[in-house]
Amino acid sequence: MNRMLAIVEREMRKFFRSPALMMVSMIFPLVQLIVLGNAFGGKIRDARVGLVDEDGGTQAIKIREAFDSVRSNMRTFEPVYYTNDKQAMEDVRNGKIQGAVIIPPQYSRRVYEQNQPRIALVVDNSDNFMSSTLEEELTQITNALNNPTVEPRMLQKTVLQIVELYPYIEYMKYLLPGSIALAMFVSVMIGGGMLYIDDKARGVHEGYLVTPQS
């Protein structure tokens, strides 16, 4: 048993004395964890969204306050204020910001008159994950703006409250144990294979065969 441990110790020493071999064995699982963990999951944080206020009325101020509330609490996006809608759309097209919300003129007046008030959301639909998240967040903001300012004390409608049994786990954390196992597997395959080829070229295996060991 002691002789087998001596062989294992020798192989481990050879592995840790080769920085290039260690980098090759560890870099692939790390890249997979970072790329897949950010590509297929996670929550969007601090996305840059342009805000063009062409109205300046009280209802437009409510939208600006809602943007500031999202930035302070959930931090899903960070508003970037523009004075020109064409510049905001150009920045979305160039990738400088992830989206732009345009408040048209006479928006507050249309809200008070209940004459189909609308705001525009400009998104880069080539990134479906980002665009769908912004659409969902802006839909929640518009629904909050459409709710009455004074709610009745007694609920008049049945409300469904969803209780999640399991907490939310980010995809990167879910992928971490598998990446650690993959790093061990790759280290054994690449590192062990390279050491085996090196030992075979040096004739070390023939030396093992003549030792007084079963």
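Taken together, the values in this text are just the output of simple stated rules run on the coordinates, not laboratory data. Predicted model only: the values in this text are computed from it and were never measured. Cβ sites come from the backbone with ideal geometry, for glycine too, and all protein chains shown count toward neighbours.
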For the stretch 176-214 versus the stretch 76-111, the gap between their alpha-carbon centres in whole angstrom
59 Å
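For Val52, Val80, Val8, which order do you get if you count the other beta carbons within 10 Å of each Cβ and list the fewest first?
Working: Val52 23, Val80 16, Val8 10.
Placing the least packed residue first, the sequence is Val8, Val80, Val52.
Which shape class, rounded, prolate or oblate, goes with the stretch 47-146 when its Cα gyration tensor gives a ≥ b ≥ c as root eigenvalues, a/c under 1.5 marks rounded, and past that a/b bigger than b/c marks prolate?
On the way: a/c = 1.72, a/b = 1.39, b/c = 1.24.
Here the stretch 47-146 falls in the prolate category.
Nearest 5 is fine: what % of DSSP beta bridges in the stretch 47-146 come out antiparallel, could you say?
25 percent
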